[in-house]
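The values are calculated or read from the model by the stated rules, or taken from the named source; none is laboratory data. All values derive from a computational prediction rather than experimental measurement. Quick reminder, even Gly has a Cβ in these numbers, built from the backbone with ideal geometry, and neighbours come from all protein chains shown. These area figures cover heavy atoms from the full protein model, side chains too; ligands, DNA and RNA do not enter into them. Shrake-Rupley method; radii C 1.70, N 1.55, O 1.52, S 1.80 Å.
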Amino acid sequence: MIYTLTLNPAIDLFIKTKRMKPNFVNRTESYDVQANGKGVNVSFILHRLGVENTALGVGGGFTLDYISNFLTDNGIKNEFFRVKEFTRINVFTRVEETGDEFKLVNPGPRVNAETLRCLWTRLESLTDHDWLCVSGSFAKGIDTSILVEIAKLSQRNGFKLIIDSSYPMVKETFKYHPFLIKPNDVELAEWYNYQTHSISDIEKLAKRALNEGAQNVLVSLGESGALFMNQEKMLLSNAPKIKVLNTAGAGDSMLGTFIAGLHVGLDLKQNLINSVIAGSDTARSSWLTEFDHTDDLESQITVTEVRTPIF
């Protein structure tokens with residue numbers, strides 16, 4: 001079974017408005033409410049690709065009820081460990097006149113020790129037949145060192161661990177050989193205190209992560225595409241030209257698609273193409289890609305095997 005773990009899920013409110021003026025009542029053109037959180041998004045993408053999975057997480061209140069019910073109504077199993085405070089609501093606003101996108105992201109509820117103990121007991125039940133994808137930020141009360149503890153548990157129990165989180169603590173998990181890490185270019189550069197993040201920089205840093213113990217590295221490069229590297233090969237993809245509508249969830253769509261491809265043994269090059277398509281289609285959509293109208297994207301994508309890395 002593939003499990004996703006969201007330690008700070010959210011309801012995201014997406015607003016479209018013609019203009020945004022300070023100290024003024026700004027009337028909106030439209031709005032949309034979505035169950036969200038990076039792991040939740042990955043669960044939806046896996047489900048849309050026909051890959052069974054279970055969404056794990058923490059949260060509380062009517063907002064968590066909405067997320068859990070939305071997952072259930074869409075046929076996705078879920079287990080959330082409750083806290084007293086309610087799960088956060090984030091606001092994303094697209095301003096038509098300027099093309100600007102404003103992102104207001106809240107910190108989330110405080111998670112107590114008892115809730116964490118219940119979650120940990122559930123994680124301890126994972127075996128070498130399972131995959132666990134830990135995505136996103138953590139709610140208050142969850143220390144980033146939990147990433148290292150989960151990595152140690154993965155090594156002991158044998159489940160495949162995937163990490164998509166911006167915290168520098170991710171680097172400390174490498175010695176426990178996570179199956180896949182998925183930073184974006186800025187995050188990877190910041191982990192290693194690089195001031196720039198050119199393609200050549202990202203290549204060096206991905207190689208460094210592999211040398212420190214990560215098994216596979218997938219880096220989203222935004223408008224420049226994506227890079228994949230492991231001990232055997234390095235693949236570099238461009239990105240198709242699109243009109244960006246909403247960037248939230250694009251990286252999660254890429255990751256969910258890539259995990260699905262790995263799970264069924266898809267050729268790595270095709271898997272990277274599919275993943276870039278998914279991220280790009282989400283970025284031009286109001287929510288996560290439905291995979292229905294992507295033919296125009298695939299024709300624009302080229303994946304190059306740059307060279308065989310030498311370690």
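Sort Arg19, Arg156 from largest to smallest accessible area, using a 1.4 Å probe on the heavy atoms of the protein chains. Each step should come with its number before you reach the end.
On the way: Arg19 100, Arg156 155 Å².
Most to least solvent-accessible, the answer reads Arg156, Arg19.
Which shape class, rounded, prolate or oblate, goes with the stretch 180-227 when its Cα gyration tensor gives a ≥ b ≥ c as root eigenvalues, a/c under 1.5 marks rounded, and past that a/b bigger than b/c marks prolate?
Values: a/c = 1.80, a/b = 1.22, b/c = 1.47.
Because a/c hits 1.5 or more and a/b fails to exceed b/c, the stretch 180-227 counts as oblate.
Simple spin-label model, 7 Å along Cα-to-Cβ: Asp143 to Glu114 in nm?
2.2
Give me, ordered by chain and number, the residues 5 or more places off Ala10 or on other chains with an amide H under 5 Å from its own placed amide H.
For Ala10, the qualifying residues are Asn36, Gly37.
Tell me which lysines have Cα within less than 26 Å of Lys21's Cα, excluding those fewer than 8 residues away on the same chain?
In chain and number order, the partners are Lys103, Lys243.
How big is the stretch 114-163 in terms of Cα radius of gyration and Dmax, in angstroms?
Computed over the Cα atoms of the stretch 114-163, radius of gyration and Dmax are 10.7, 31 Å.
What ³J(HN,Hα) values, in whole Hz, does the Karplus curve 6.51 cos²θ - 1.76 cosθ + 1.60 give for the stretch 62-70 when θ = phi - 60°, with x put for Gly and Pro?
5, 6, 5, 4, 4, 5, 4, 5, 5
Shape verdict for the stretch 185-311, please, from the Cα gyration tensor: rounded (a/c under 1.5), prolate (a/b greater than b/c) or oblate.
prolate
With all pairs of different alpha carbon atoms counted, what Kirkwood hydrodynamic radius in Å does the chain show? Write down the numbers at each step before the final one.
Values: mean 1/r = 0.0503 Å⁻¹.
After inverting the mean inverse Cα-Cα distance, the result is 19.9 Å.
Can you tell me the dipole magnitude for the stretch 1-137 around its Cα centre, using point charges on the Cβ only (Lys, Arg +1; Asp, Glu -1), in Debye to the nearest 20? Mind showing how you got there, number by number?
On the way: 16 positive and 16 negative charges, 99 e Å.
Computed charge dipole of the stretch 1-137: roughly 480 debye.
If you build the Cα gyration tensor of the stretch 1-124 and take the root of 5 times each eigenvalue, what three semi-axes come out, in whole angstrom, biggest first?
Working from the Cα gyration tensor, I get semi-axes of 31, 18, 11 Å.
Quote the accessible area belonging to Phe62 in square angstrom, nearest 10, computed with a 1.4 Å probe and with ligands, DNA and RNA left uncounted.
140
Taking H placed 1.01 Å from N in the peptide plane, check which residues at least 5 places from Cys133 or on another chain put their amide H under 5 Å from its amide H.
Tyr3, Thr4, Leu5, Ile162
What residues qualify as long-range amide H neighbours of Met234, i.e. H under 5 Å apart, gap of 5 or more or another chain, H built at 1.01 Å from N?
HN-HN under 5 Å from Met234: Val306, Arg307.
Can you tell me, using C-alpha contacts under 8 Å and at least 6 residues apart, the relative contact order of the stretch 91-208 as a whole percent?
Numbers: 132 pairs, mean separation 22.1, N = 118.
19 percent.
For labels at Ser30 and Thr247 in the simple 7 Å Cα→Cβ model, what's the distance in nm?
It works out to 2.2 nm between the two label points.
Which of the aspartates and glutamates could be linked to Lys140 by a straight reach, that is with a Cα gap under 17 Å, when you skip same-chain ones fewer than 8 residues away?
Correct list for Lys140: Glu85, Glu114.
On a full-extension model of 0.36 nm per residue, what is the gain between Glu212 and Arg82, subtracting their alpha-carbon distance, rounded to one decimal in nm? Spell out each step's value before the answer.
Working: separation 130, 0.36 × 130 = 46.80 nm, distance 3.58 nm.
Using 0.36 nm per residue and subtracting the Cα-Cα distance, I get 43.2 nm.
At 1.4 Å probe size, put Tyr66, Tyr176, Tyr192 in order of accessible surface, largest to smallest. All intermediate terms of the calculation are to be shown ahead of the outcome.
Values: Tyr66 85, Tyr176 50, Tyr192 15 Å².
Accessible-area ranking of Tyr66, Tyr176, Tyr192, largest first: Tyr66, Tyr176, Tyr192.
Counting pairs of Cα atoms in the stretch 132-244, how many percent are more than 21 Å apart? Could the numbers behind the result be given before it?
On the way: 2252 of 6328 pairs.
Above the 21 Å cut-off, the stretch 132-244 has 36 percent of its Cα pairs.
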